[in-house]
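Working notes, structure below.
The values are calculated or read from the model by the stated rules, or taken from the named source; none is laboratory data. These numbers were taken from a predicted model, which means no experiment stands behind them. We place every Cβ from the backbone using ideal geometry, glycine too, and count neighbours over all the protein chains shown.
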Amino acid sequence: MTPPALEVSLPVEKSGAASIESLATSDAPAIALRGLHKSFGSQVVLNGIALNVRSDETLAVLGRSGTGKSVLLKLIIGLQTPDSGSIRIHGQEITRLDLDALNEIRKKMGFLFQHAALYDSLTVEQNVAFPLKRHTKKTDSEQRDRVKELLAAVGMESDLQKMPADLSGGMQKRVGLARALALEPAILLLDEPTAGLDPITSGEIDELILKLQEEHDMASIVVTHDLRSAKTIADRIALLHDGNVLIEGSFDDLAKSTDEFVSEFLKRDS
Amino acid sequence: MRSTVTSVWSLINRFLEWFGDLGFFAWQVLRAAVRRPFEGRELIRQLDEIGSRSFPLVALAGAAIGAVLALETRSSLVQFGAKSMLPAAIVFSIIHETGPVVTGLVVSGRVGAGIGAELGAMKVTEQIDAIEASGVNPYKFLAFTRIVACILMLPLLTLAADFSGVMVGWLANTLVEPISFHKFIHQGLAGTSFNDFLAPTFRTSVFGLIIGMIACFQGMRTQGGTAGVGLSATSSVVLSSLFVILADVILVKVILVFFS
């Protein structure tokens, strides 16, 4: 198992965000979670979870349905707030940030939602241009060029004017991925990127994620049920059970584990 | 007896909770409204969506009211020998009450349902989360733009309803007993001041605030998949229509106090 990286505390104003560019060059892990708790009513979803992700690695988070994998991603990007615990992005604590400061952090994070969550009133081109329009000073033609470049990277350059409803599940995921990469994020969060796709399309999405990770130097967390996909794209795997990380390490570490739940999980999924 | 008290208490509790949540939502929208960027493009898109696309329905509703008023009022006024009051009765009734209220209710139905269903669908398909995750404030981008568009477009739509109502009222009247449009308007506006026209028209901005706020609130708090979306659309229409009628009663009293 990989030992947890040393967590670096940076002086942080209560509501201000330090420049993400300056933080990204620090030695702090890209994402550091400590003692994270989250409950919905009486249901405890996360129970003191701790995880680190380095700025150049991909961590796959596995676990049974309802173990809080998607909740974990939503906590990291600030869509939900933890009951207690710490979330540091490049050393900066984000649970105490105000909305403006949090939005600055979010600009350097890309999120691919489970069902892509494309804006269905916008075309493919407008979907990918959405973050560019709001957060960059690019001219319209520069935005168009960037959108074409992003869509070419995911193999969707010929579908600029299509509406999301006209796309298959795999195509929607590709466009969602292009949108997530629009602002060149330092951190990429992928929620079930291959869920609901056939094995061939799943394989294509995995290859695409691998290619994008090679081209863009970024930390990634991939939440998935798909063990084969996790094995392909992740440097490290964390298996969640009962609201906590049961085991964390390479796929071989998991395969060697004698824990009954781990063995059962690998056996069922293989 | 105890179960009745408990259910009434639970109903009051839910109502107060709903109001509290609505107040918090309004505060979030207000806070977002004063911060840059001001989402001008989205506001223009919403002005078109809410204004121009509601225009035909509102104008048609106004025309129907004008025709009905002309035909129904005529027989009553003839009975009392006050036929010459007909233009004034039509114009005053449309400008003062029927035009604003009908516009408010028609827009509650078309726009309220549209916003409730659209935002509800966006909520359950995580599109609102996606907007937030990309560093854009959904309270401003989705709610503020729609609420402002409703506030700005309601008075204009009311003018459209008033105009078509008066025009069709004149046409219906002319079919029975020809009268020139100039004479009809002259008689209709006799004894009517600018305040009689201004205050009722601009009170529809309050209707716009109510429709936009309630529809956005109901849409953005949608839960439970497609069934939830249907529920949000229905509740947006029912609640916004109800509060438009309540606001109308209150505003009529306020206008009588301040503008008469």
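Among the numbered conditions (1) away from every other protein chain (no Cβ under 14 Å); (2) over 19 Å from B:ILE210 (Cβ atoms); (3) modelled with pLDDT of 95 or more, tell me where B:GLN127 comes up short.
(1) is the only condition that B:GLN127 fails.
Tell me, which residue of segment A:58-75 that is among the polar types (S, T, N, Q) and touching a His at 6+ places or on another chain (Cβ under 9 Å) is surrounded by the fewest Cβ atoms within 10 Å (Cβ to Cβ)?
The selected residue is A:SER65.
Residues are listed down the side, and each one gets a yes or a no for (1) over 22 Å from A:LEU73 (Cβ atoms); (2) in contact with a His (Cβ under 7 Å, 6 or more places away or on another chain); (3) more than 11 Å from chain B (Cβ to nearest Cβ); (4) surrounded by fewer than 22 Cβ atoms within 10 Å (Cβ to Cβ):
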{"site": "A:GLN114", "(1), (2), (3), (4)": "no, no, no, yes"}
{"site": "A:TYR119", "(1), (2), (3), (4)": "no, no, no, yes"}
{"site": "A:ALA129", "(1), (2), (3), (4)": "yes, no, yes, no"}
{"site": "A:LYS133", "(1), (2), (3), (4)": "yes, no, no, yes"}
{"site": "A:LYS138", "(1), (2), (3), (4)": "yes, no, yes, yes"}
{"site": "A:LYS148", "(1), (2), (3), (4)": "yes, no, yes, yes"}
{"site": "A:ALA153", "(1), (2), (3), (4)": "yes, no, yes, yes"}
{"site": "A:ASP159", "(1), (2), (3), (4)": "yes, no, yes, yes"}
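Just to be sure, is B:SER54 polar (S, T, N, Q), buried (at least 20 other Cβ atoms within 10 Å of the Cβ) and within 14 Å of chain A (Cβ to nearest Cβ)?
Answer is no for this residue.
Every residue in segment B:193-219 that is in contact with a helix residue (DSSP H, G or I) (Cβ under 9 Å, 6 or more places away or on another chain) and surrounded by fewer than 19 Cβ atoms within 10 Å (Cβ to Cβ), please.
Correct list: B:SER193, B:ASN195, B:ASP196, B:PHE197, B:LEU198, B:PHE202, B:SER205, B:LEU209.
May I ask you to list the residues in segment A:197-227 that are in contact (Cβ under 8 Å) with a residue 60 or more places away in the chain and in a loop (DSSP other than H, G, I, E, B)?
The answer is A:ASP217, A:MET218, A:THR224, A:HIS225.
Among (1) within 14 Å of chain A (Cβ to nearest Cβ); (2) touching a residue at least 60 places away in the same chain (Cβ under 8 Å), where does B:VAL111 come up short?
Looking at each condition in turn, B:VAL111 falls short on (1).
Kindly evaluate B:ILE65 against the criterion of being among the hydrophobic types (A, V, I, L, M, F, W, C), outside any loop (DSSP other than H, G, I, E, B) and under 15 Å from the mean Cα position of the chain (by Cα).
When the stated conditions are applied, B:ILE65 does not pass them.
Name the residues in segment A:35-86 that are among the polar types (S, T, N, Q) and in contact with a strand residue (DSSP E or B) (Cβ under 9 Å, 6 or more places away or on another chain), would you?
Within segment A:35-86, A:SER39, A:ASN47, A:ASN52, A:SER55, A:THR58, A:THR67, A:SER70, A:GLN80, A:THR81, A:SER84, A:SER86 meet the criteria.
Could you tell me whether segment B:60-68 includes any residue that is exposed (fewer than 15 other Cβ atoms within 10 Å of the Cβ) and modelled with pLDDT under 95?
So far as segment B:60-68 goes, no, none of its residues is exposed (fewer than 15 other Cβ atoms within 10 Å of the Cβ) and modelled with pLDDT under 95.
Quick one: which of B:GLY81, B:GLY109 is surrounded by fewer than 20 Cβ atoms within 10 Å (Cβ to Cβ), over 19 Å from the mean Cα position of the chain (by Cα) and small (Gly, Ala, Ser)?
The match here is B:GLY81.
I need a count of the residues in segment B:130-166 that are within 14 Å of chain A (Cβ to nearest Cβ), closer than 21 Å to B:ILE210 by Cα and either touching a strand residue (DSSP E or B) at 6+ places or on another chain (Cβ under 6 Å) or of a type in the set (Val, Ile, Thr) (or both).
Counting residues in segment B:130-166 that are within 14 Å of chain A (Cβ to nearest Cβ), closer than 21 Å to B:ILE210 by Cα and either touching a strand residue (DSSP E or B) at 6+ places or on another chain (Cβ under 6 Å) or of a type in the set (Val, Ile, Thr) (or both) gives 1.
Just the residues that are away from chain A (no Cβ under 14 Å), surrounded by 14 or more Cβ atoms within 10 Å (Cβ to Cβ) and either over 17 Å from B:GLY212 (Cβ atoms) or of a type outside the set (Phe, Trp, Tyr) (or both), please, taken from segment B:19-42.
Matches in segment B:19-42: B:LEU22, B:ALA26.
Taking the options A:GLU125, A:GLU142, name whichever one is away from every other protein chain (no Cβ under 14 Å) and either outside any helix (DSSP H, G or I) or buried (at least 16 other Cβ atoms within 10 Å of the Cβ) (or both).
Just a single option satisfies the conditions, and that option is A:GLU125.
Scan segment B:133-154 and give yes if some residue there is buried (at least 24 other Cβ atoms within 10 Å of the Cβ) and among the charged types (D, E, K, R), otherwise no.
So far as segment B:133-154 goes, yes, one or more of its residues are buried (at least 24 other Cβ atoms within 10 Å of the Cβ) and among the charged types (D, E, K, R).
Can you confirm whether B:SER84 is closer than 11 Å to B:ASP162 by Cβ, of a type in the set (Ser, Thr, Tyr) and modelled with pLDDT under 95?
Taking the combined requirement at face value, the residue does not satisfy it.
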